[in-house]
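Asks: Sharing a structure here in structure tokens format.
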Amino acid sequence: MLTTVLRAAARPMAPTACVAKSFDLLTKRYQSNSAESFMNGSNSVYMDEMYTAWKEDPSSVHKSWDSFFKSVDAGMDPGSAFAAPPGIVGKKGISAPSSSSAGAGAAAPGDKMQLAVQSLVRGFQVRGHNVAQLDPLGIMDADLSSEMPEVLVPSYYGLEEADMEKTVALGTGDNVGFLGNSKQWKLGELIKACEEVYCGTLGYEYMHILDREKCNWLRERIETPGVKWYDAEQKKTILDRLIQSDGFENFLKSKWSAEKRFGLEGLESAISGLKHAIDVGGDLGVERVVIGMPHRGRLNVLGNVVKKPLEKIFAEFSSELAPNEEGSGDVKYHLGSSLDRETRNGKPMHLSLLANPSHLEAADPVVLGKVKAEQFYRDGDTNKIIPFILHGDAAFSGQGIVYECFNLGGLTHYSVGGTIHVVCNNQIGFTTDPRFSRSSPYCTDVGKSLECPIFHCNADDPEAVVRAMQLAIEWRQHWKSDAIVDIIGYRRYGHNEIDQPSFTQPKMYSVIAKHTPALQLYKQKLMKEGVITEKDYDDMHAEYWNLCENAYNKSKTEKFRIDEWMDDRWKGFKTRFDHASVFNTGTSMDNLKHIGNIISSVPKGFSAHSGVKRVLKARKEAIDSGAGVDWATAEALAFGTLLREDYHVRLSGQDVERGTFSQRHHVLHDQNDETTYTPLENLGEGQARYSVCNSSLSEYGVLGFELGYSMANPNALVMWEGQFGDFANGAQIIFDQFLSSGEQKWLRQCGLTVLLPHGYEGQGPEHSSARLERFLQMSDDPDDVIPDMDTNARNQIQNTNWQVMNCSTPANYYHALRRQVHREFRKPLILMTPKKLLRLKACTSTLDEMADGTRFRRVINEESIPDGSPDVKRVVFCSGKVRYELMEAREKYGKQQEVAIATVEQISPFPFDLVNRQMASYPNADVVWVQEEPKNMGAWSYVNPRMETALSNSETHKGQRPRYIGRASSASTATGVKKQHKVEEEKFLSEAMDV
């Protein structure tokens, strides 16, 4: 019988029955698809490779291509260069058009055979994975299709059983890889070799990669039929690691059978693959690995890959925090760890597994950001620090953040030199069959858009898994780009160990119940090969089980701590229980002038845009006079002073170099030759590096990336800016699951600063509100207890999860930024930034307000009316830009002595002490809160109970309640009608002035 890839037992159509059908299929293709583009990914690569090979040796390609390439090189029209190729499917297929025979396209029978065989080999390279033996259960097809690709059927090319003993040579060109060397093959042996390489338990997708050199690099490593991957000792190592993976899950099951653990049963070989990849990585120069992964298999990875002490993992099952432990903790399968260990070859390796929530794939950009920062602080070396991200199959194809992260991989300011993606493929989501959860053949198809090599492997063959992981890490280290390993297994239990999966997948789980685990299959294989004996296996198994038992006994006296995995750079930072000092954040006038002169000038010969020249001129005038410093200048001064103090500054987001409102201009472009100049990179010797990074059009991915970046080193000011404030909606998962609660859940302090343009100017609902209310709602600042500000004012911010501000002056913005790093602790900062105030003449500051001895002002009190004035009938509290509109209204209505205006700059944590002090200054006044946002939005819901608490403890205003003045409740954040906006604004401003 004809040897073919068509596994007759598993495939419905035998090759000998395909001869006539192949002819029909091919005929229909040429008839119905004549307009279809030939230049798809694989074909264009194939043609490019042949052309390159032809340039080196014209005899390496078929005569028809030789004629075509000669004509093209001669400058002829490609259509006129066409020469008909010989028929490649013989009498039963399509032959070359009969002419007087000896035309340019005519070929001898041997040429026909060679072209047919080359095409068949090409078919295996492109489509062999579609029939590879990838499903351990034997009931699914990894590509969701049971059809046989006709390009894998010899009869499709007119090759029959009688041809199997014929000798063929594929030529010397490298377009068909190793199989195309000068070796003479019997056709049957060649097909068998193709089957062995491309259709076993490891399938390859790489022909979509357009770079010929990369394809050849992979082919050289892939097309090695008959060569054994691993020797006996290496196989014992794979077995030992499989025993650890399997034993860990069984041990947990034996001790905590009713506990959720999201075990790795059905994909145990992933542990062998991961550990091998890290070992190989160590030999290739890797020193640090950062891992991100979902909950499934996390405990196993922690115990067997990261090497977190087993007794600590077991102690977490008691759910008992150690005495005086901070935070709320999290479920054990969300926690991370950070440890140093050695690879099997003795190479030092630091492993970090990041904590993550149950929002699948949310940790992906965080991992990338942390890796980027670690590389940055090590001179940008991408070879030593690499990310591994583990995925579930349904999440990998279903979560858009996956593509966002792939897209970041090729961008200068976000590339990490390649990521190893490991898909732990259960062939099922929670309860959803893959054919209902994705539209593509494989869950990994998103990787094709970025030309990633994809290795599909059967989880029941740990050697295939290990081989795939080895190829992935070698690819990453050589080409500095992503690789995907798709480990196709199953989930032995339900979504968790208590769930009943047979409700929805009865067939799958009836097969799983009878299926032999991978460990037993591999044990039997190695015993058959004579690599191990039964006693060898029993000894290895007993050794690991005893290790677990000893750790379990230790865990009974071990208290669960979540503060033991801090990176070294974070050691010594104050917790909420420690007393932290408050520092002034001003700097010397000489320093301000020096920086100011640099940020307001360009090098000699640099041709700046006329509009930019006006901006720089205004900055220069402000610096020289010491007054009229606008928002953008204050920001640049904050950045510059920190850079000169050796704090790294990174600003990231959409269009941040220029600024959405054309206010920043941190990267100047020469109008003649488009060279660039960044003033903040030219402050003088010894300054830290300034990174200003225009990002992809992503909020979720980029904010997560900057969060991860900020985690690597507390001594840096890391910022993400939304193009408009409400664009942060697209990144809400990062705010909810990481920024607002990360410290409490995982004890991970973070100083990330988020800049969100906010302000009502009649620009409509999508360009007015940054949804201030959402961030305030997530603040854990108590509303009914006034802190003892005499002794605890310095610790109030330490006791809350983050800071939410709406600054109204450039100087306060300057101090807010500098305060982020001039502290003994770190907190995220959510900062509403203005649009209108960027150019409002009333909104300027002086250099004196930023010089030595100055600091951030949590509340800006009324400054034009003396304290204690009996004429003041109303104290108006507000926040942000509405302060200036209130001042204009006060002057308009002649209320300069009757209405005092105080601006709450730091809304959370609430400045009870300063609000009380301002109210006490005007004992005869009522108290109102004025905002420009609708009543159900903005700060009102947050400040109302806190102002009530402040009033209830006031000697002058006891019994009063604050009153709201502003827009009525609304479903939409703002009107898009300018006239309506003005009507609404005038109404609440006049009410605030009591007219």
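Computed from the coordinates by the stated procedures, all read-outs in this text should not be read as laboratory data. As the structure is a computational prediction, the values presented were derived from the model and not from experiment. Heads up, the Cβs are rebuilt from the backbone with ideal geometry, glycines too, and the neighbour counts pull from every protein chain shown.
Asks: Among His391, Leu210, Tyr922, pick out the residue whose Cα is farthest towards the positive end of the charge dipole of the chain, where Lys and Arg carry +1 and Asp and Glu carry -1 on C-beta, about the Cα centre.
Replies: Value: Tyr922.
Asks: What ratio of Cα Rg to 2.2 N^0.38 Å holds for the chain? Working shown, then result.
Replies: Values: Rg = 34.0 Å, N = 995, 2.2 N^0.38 = 30.3 Å.
That ratio works out to 1.12.
Asks: Now, a different point. Place a +1 charge on the Cβ of each Lys and Arg in region 192-246 and a -1 charge on the Cβ of each Asp and Glu, then give the dipole magnitude about the Cα centre in debye, rounded to the nearest 20.
Replies: Values: 9 positive and 11 negative charges, 12 e Å.
So the dipole magnitude of region 192-246 works out to roughly 60 debye.
Asks: Mind running the shape call on region 236-561? Use the C-alpha gyration tensor, a ≥ b ≥ c as the square roots of the eigenvalues: rounded below 1.5 for a/c, prolate if a/b tops b/c, oblate otherwise. Numbers along the way, then the final one.
Replies: Details: a/c = 1.27, a/b = 1.16, b/c = 1.09.
Rounded.
Asks: So for region 236-561, taking the charge dipole from beta-carbon charges (+1 Lys/Arg, -1 Asp/Glu), which of Ser555, Tyr509, Val286 sits furthest toward the positive end?
Replies: Ranked along the dipole, the leading option is Tyr509.
Asks: Right, another one. List the pairs from Lys620/Lys835; Lys192/Lys235; Lys214/Lys528; Lys384/Lys556; Lys370/Lys556 whose alpha-carbon separation is above 27 Å, in the order I gave them.
Replies: Numbers: Lys620/Lys835 22 Å; Lys192/Lys235 25 Å; Lys214/Lys528 38 Å; Lys384/Lys556 38 Å; Lys370/Lys556 35 Å.
Violating the 27 Å Cα-Cα cut-off are Lys214/Lys528; Lys384/Lys556; Lys370/Lys556.
Asks: Given N residues in region 861-992, what is its alpha carbon radius of gyration divided by 2.2 N^0.38 Å? Can you show the working numbers first?
Replies: Working: Rg = 14.5 Å, N = 132, 2.2 N^0.38 = 14.1 Å.
So region 861-992 has a normalised radius of gyration of 1.03.
Asks: To the nearest 20 debye, what charge dipole does the chain have about its Cα centre, counting +1 at the Cβ of each Lys and Arg and -1 at the Cβ of each Asp and Glu? Walk me through the numbers on the way to the answer.
Replies: On the way: 113 positive and 131 negative charges, 131 e Å.
About 620 debye.
Asks: Loop-only GluC sites (Glu not before Pro) in region 630-733, please: DSSP not H, G, I, E or B, and at most 16 other Cβ atoms within 10 Å. Could the numbers behind the result be given before it?
Replies: Details: sites: Glu635, Glu645, Glu657, Glu674, Glu681, Glu685, Glu699, Glu706, Glu721; in loops: Glu645, Glu657, Glu674, Glu685, Glu699.
Taking region 630-733 and a limit of 16 other Cβ atoms within 10 Å, the loop GluC sites (Glu not before Pro) found are Glu645, Glu674, Glu685.
Asks: Another question about this same structure. Starting from 0.36 nm per residue, how many nanometres of slack lie between Trp570 and Glu685 once their C-alpha separation is accounted for?
Replies: Between Trp570 and Glu685, full extension yields 38.7 nm more.
Asks: Now, a different point. In a shell of Cβ-Cβ distance under 12 Å around Ala542, excluding Ala542 itself, what net charge do Lys and Arg (+1) and Asp and Glu (-1) give? Mind showing how you got there, number by number?
Replies: On the way: positive: Lys535; negative: Asp536, Asp538, Asp539, Glu543, Glu549.
Cβ neighbours under 12 Å give a net charge of -4.
Asks: Here is a further query. Have a look at Pro834, Gln687, Leu747 and report the one farthest towards the positive end of the charge dipole of the chain, computed about the Cα centre with Cβ charges (Lys/Arg +1, Asp/Glu -1).
Replies: Pro834
Asks: Output the 0 to 90 degree angle, nearest 10, between the alpha-carbon long axis of helix 978-992 and the longest principal axis computed from the alpha carbons of the chain.
Replies: Between helix and principal axis, roughly 40 degrees.
Asks: For region 626-675, with only Lys/Arg (+1) and Asp/Glu (-1) charged at the beta-carbon, what is the dipole magnitude about the Cα centre, in debye rounded to 20?
Replies: Numbers: 4 positive and 9 negative charges, 40 e Å.
That gives region 626-675 a dipole magnitude of about 200 debye.
Asks: How much net charge surrounds Ser607 when only other residues with a Cβ under 13 Å from its Cβ are counted (Lys, Arg +1; Asp, Glu -1)?
Replies: On the way: positive: Lys604, Lys613; negative: Asp670, Asp673, Glu674.
Net of charged neighbours comes to -1.
Asks: By how many degrees, between 0 and 90 and to the nearest 10, does the Cα long axis of helix 631-644 differ from the longest principal axis of the chain?
Replies: Around 70 degrees separate the two axes.
Asks: So for Ser481, Ser449, fewest C-beta neighbours within 10 Å to most, what's the order? Spell out each step's value before the answer.
Replies: On the way: Ser481 20, Ser449 11.
Least crowded to most crowded, the residues run Ser449, Ser481.
Asks: Please identify the chymotrypsin sites (Phe, Trp or Tyr not before Pro) of region 512-617 that satisfy two criteria: DSSP loop assignment and at most 11 other Cβ atoms within 10 Å. Which are they? Numbers along the way, then the final one.
Replies: Values: sites: Tyr522, Tyr537, Tyr544, Trp545, Tyr552, Phe560, Trp565, Trp570, Phe573, Phe577, Phe583, Phe606; in loops: Trp565, Phe573, Phe577, Phe583, Phe606.
Answer by residue number: Phe577.
Asks: Further question: Measure nothing but the geometry: give the 0 to 90° angle between the long axis through the Cα atoms of 882-892 and the longest principal axis through the Cα atoms of the chain, rounded to 10°.
Replies: 30 degrees
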